[in-house]
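Below is one structure; the comments refer to it alone.
The values are calculated or read from the model by the stated rules, or taken from the named source; none is laboratory data. Because the structure is predicted, anything quoted here is derived from the model rather than measured. Cβ: placed from backbone, ideal geometry, glycine included. Neighbour counts: every protein chain shown. We work out accessible area using only protein heavy atoms, side chains counted, and drop any ligands, DNA or RNA first. Shrake-Rupley method; radii C 1.70, N 1.55, O 1.52, S 1.80 Å.
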Amino acid sequence: MKRKKRIQGVVLYVSLILLTFIFLFPLVWMLVSSLKDEFQIFKDMKSLKAFLPPAPNEVEGGYLHNYIAAFQRVDLMKYILNSLIYTTGIIIFGLIVNSMAGYALARFRFPLAGFWLGVIIATLIIPPESIFLPLYVLVYDLGWVNTYTGLIVPFIANAFAIFLFRQFFLDFPKELEEAAKIDGCSQIGIFFRIIVPLSKPVFATVAIVLFINHWNDFLWPLVVASDESMRTIQIGLQYFMNEPPIKWGQVMAALTIATVPMLLIFAFLQRYYVQGLTHTGSKN
Amino acid sequence: MKGNSSSAKQLTDHDHYKAPSEPSIRKVPPKRKKRRKSQAFQEAMTGYFFLAPALILLGVFLLYPMGAAFYYSFTDFYILKPDDISFIGFENFSYIWQDAQFRQAFWNTVYFSVIVVPVQLAVALGLALLINKKIKFRVFFRTAFFSPVVMSLVVVSILWTFMYNPNEGLINQLLGVIGISPQPFLTSPDQAMNSIIVMSVWQGAGFQMMIFLAGLQNIPNHLYEAADIDGATSWQKFLHVTLPGLKNIALFIFITISIAAFKLLVQPMIMTQGGPLGSTKSLVYHIYETGFNYRDVGYASAMAVVFTMIVLTITIIQRVLIREERG
């Protein structure tokens, strides 16, 4: 019995380590290769050296030479800045608009409240892929093509975020709000001075979900930010693939740059992100 | 859906409360009644004040485009001549069935979905079960399996294009070490879609694993203890405790993966441009090309309408299945 247990344990850990290798190796390979020069990337690929960082004396120009070259080759800084403006714009306006809507649906009684909630939940079914053409025509008519407005405004309202906020505010104790009302605080005052400061977890969760979705966005920035100066990082990455000669070291560096913000966010705010995820599953 | 019906009920209760025929209201002196009415009005105003921005934005940038897509689908709208739209009835729709490219894209998408959905579900469940045991370095393993999710589809697609490269790609180089000849992963019509499938499962499984993990933690421990007392084997415990406990979550994940699979776009667009020989062209990719490269918005919209109908049908069928399972 004891021996059987031990064998089971060994099998478990061996399969876990094997799986870890399968899931991590492209990521590790990307990070490691971004430090190597072209010749070395291809030379190392036949062995486990492909997953080991190069020795300092092996790389000409220092570890960061691919990163420096990537920044010199295209305006990566501009792409990163565009991505940051795009995502933070959606996050800031999205948090305000969606939390207000979620609060209205959780707290106030007004005609058609149930109807609007139904409509909002129903819009979750509409695939964004099926409306990007007419949306592009609309944004074009508004004169918003190649502007931050065109990138941001269509995605401020988010049914899923409204739903998350509503669920959170439903469980929020009413007593505090009533006390504030007796003290003569207005409804808007109550929301921004009492509810918002006490609801940091849900705001953090929604902010992270929005960040991850929109940092990784591809289709909408591709169609609406056609001008080189408006490209986001995800669109800019393609440049390294489409314009020969392909320098793989630089490609790897650019891919790493696009991934690092997500890795950092995830590393520091894992708890909130997982909260958002589990809400996705269990609330339905 | 549950929240929807409950708040609708709240609303009717409230309406009854206001109705003059209600006996409880009659007892209220007229002066107070008036005050209540204005309070209800004020509450409604505040409610709409808070809700309006989101409603307007959703209306303008989601519902209106949906309606516009439907309208365009009956026209010959062409981006280069936007002022010259004429109504052409079902012409676009009847063309869809003659469009060999559409048929190919449709079956490619179906093939992708039919393989990806069960495989990814199984992989995600397997990972969740492995990690849910009392093991050391649990957080490490969880983070490792989740890490591909953190990378964007664009990053992952570019990375795997290099890994799949026929001659110098990482996978073929490693296969060469154990004596397997180089495979044309993305350049052969027989293998390209399967290669995209493998990559997609690798990228997405960690996400569903997290949701499964939450579900596993919600299964009460005493059920396992009871099974232990009855002398159940671990396979029996899995079959009679774990699986029934995960049923709802599994169905929910099933729906989300199916819908996501049907929206396949980024991987073929970046990795193969739909080739070789159209073997990886997906439905959304075909819509994108028709709309943006050939600027035929009318026909692209017709295909988008059909696409929406398919996604809706998948959702509805699966919702009905869930309801029957629950009932």
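Per the Debye calculation on the range B:62-215 with a single equal scatterer at every Cα and no solvent contribution, log₁₀ I(q)/I(0) for q = 0.11, 0.15 Å⁻¹ amounts to -0.71, -0.98.
For the range A:185-284, pairs of C-alpha atoms spaced more than 23 angstrom apart make up 49 percent of the total.
Per the Kirkwood formula applied to alpha carbons, the range A:82-151 shows a radius of gyration over Rh ratio, Rg over Rh, of 1.05. Mean-square fluctuations from a GNM of chain B, with a 10 angstrom spring cutoff on Cα atoms, peak among B:G126, B:G176, B:G204 at B:G176. Summed over qualifying helices (DSSP H, 4 residues or more, each -39500 (n - 2.57)) and divided by its residue number, chain A shows a 222 nm mean residue ellipticity of -22500 deg cm²/dmol. If you sort the three axes of the alpha carbon gyration tensor as a ≥ b ≥ c, you get a/c of 1.5 or more for chain A and a/b no higher than b/c, which makes it oblate. Burial of accessible area (probe 1.4 Å, heavy atoms of protein chains only) in the range A:135-159, relative to its chain alone, reaches at least 40 Å² for A:V137, A:L138, A:A157. Mean partner shielding of peptide A:192-200, defined as the number of other chain Cβ atoms within 10 Å of each residue Cβ, is 0.
Projected onto their three principal axes, the Cα atoms of the protein assembly as shown cover extents of 92, 77, 50 Å, largest first. The base-10 log of I(q)/I(0) for the range B:91-326, evaluated at q = 0.12, 0.18 Å⁻¹, reads -0.81, -1.31 [Debye formula, identical scatterers on Cα atoms, solvent excluded].
Of the three principal axes defined by the Cα atoms of the range B:39-102, the extents in descending order read 61, 26, 18 Å. If eta is 1.002 mPa s and T is 20 °C, what Stokes-Einstein diffusion coefficient results for the range B:186-238, Kirkwood Rh from Cα pairs, in µm²/s? Calculated translational D: 150 µm²/s.
The H on the amide N of B:T75, modeled in the peptide plane, is under 5 Å from the matching H of B:I88, each at least 5 residues off or on a different chain.
Counting only protein heavy atoms and using a 1.4 Å probe, what share of the accessible area of the range A:1-117 belongs to carbon plus sulfur, as a whole percent?
Carbon and sulfur: 74 percent of the exposed surface of the range A:1-117.
Within the set A:K2/B:K237; A:K4/B:K136; A:K200/B:K247; B:K134/B:K237; B:K134/B:K247; A:K4/B:K134, which residue pairs have Cα atoms separated by over 26 Å? Pairs exceeding 26 Å: A:K200/B:K247. Given 5 Å bins starting at zero, what is the percent of C-alpha pairs of the range B:128-262 in each, up to the one with the largest pair distance? Spelled out per bin, shortest first, that is 2, 9, 13, 15, 15, 14, 11, 9, 7, 4, 2, 0. Computed over protein heavy atoms with a 1.4 angstrom probe, the accessible surface ordering of A:V32, B:V139, A:V119, largest first, is B:V139, A:V119, A:V32.
Of A:L269, A:L198, A:L24, the residue with the greatest mean-square motion in the GNM of chain A, using alpha carbon springs below 10 Å, is A:L24.
By its C-alpha gyration tensor, with a ≥ b ≥ c as the square roots of the eigenvalues, how is the range A:1-62 shaped: rounded for a/c under 1.5, else prolate for a/b larger than b/c, else oblate?
Prolate is the answer for the range A:1-62, as a/c is 1.5 or above and a/b outweighs b/c.
Summed over both chains, the contact between B and A buries some 8500 Å² of accessible surface at a probe radius of 1.4 Å.
Using Cα-Cα distances under 8 Å and only pairs 6 or more residues apart, what relative contact order does the range A:1-62 have, in percent? Rounded, it is 30 percent for the range A:1-62.
Hey, any idea what % of the range B:213-327's accessible area is carbon plus sulfur with a 1.4 Å probe? So the carbon and sulfur contribution to the accessible surface is 60 percent.
Kirkwood hydrodynamic radius computed over the range B:266-312 comes to 11.0 Å, based on all pairs of distinct alpha carbons.
Accessible area per residue was computed with a 1.4 Å probe on protein heavy atoms; B:Y95 scores about 110 Å².
A 1.4 Å probe over all protein chains sorts A:R3, A:R166, A:R271 by accessible area into A:R3, A:R271, A:R166, starting with the largest.
Candidate membrane-span-like segments in chain B, meaning DSSP H helices with Cα atoms spread over at least 30 Å of their own axis and a Kyte-Doolittle mean of 0.0 or above, are B:100-132, B:192-217, B:297-326, with no membrane implied. Hydropathy first: keep DSSP H helices in chain A averaging at least 0.0 on Kyte-Doolittle, then drop any whose Cα extent along the axis falls short of 18 Å, and list what survives. Helices meeting the criterion: A:2-33, A:76-107, A:200-215, A:248-282. Rounded to the nearest 20, the Cβ-based charge dipole of chain B about its Cα centre (Lys and Arg +1, Asp and Glu -1) stands at 2180 debye. Per-residue surface analysis assigns A:W248 an accessible area of about 20 Å², computed on protein heavy atoms at 1.4 Å probe radius.
For the protein assembly as shown, the per residue solvent-accessible surface stands at 48 Å², with DNA, RNA and ligands left out and a 1.4 Å probe. Considering only alpha-carbon pairs that sit under 8 angstrom and 6 or more positions apart, the relative contact order computed for the range B:71-151 is 15 percent.
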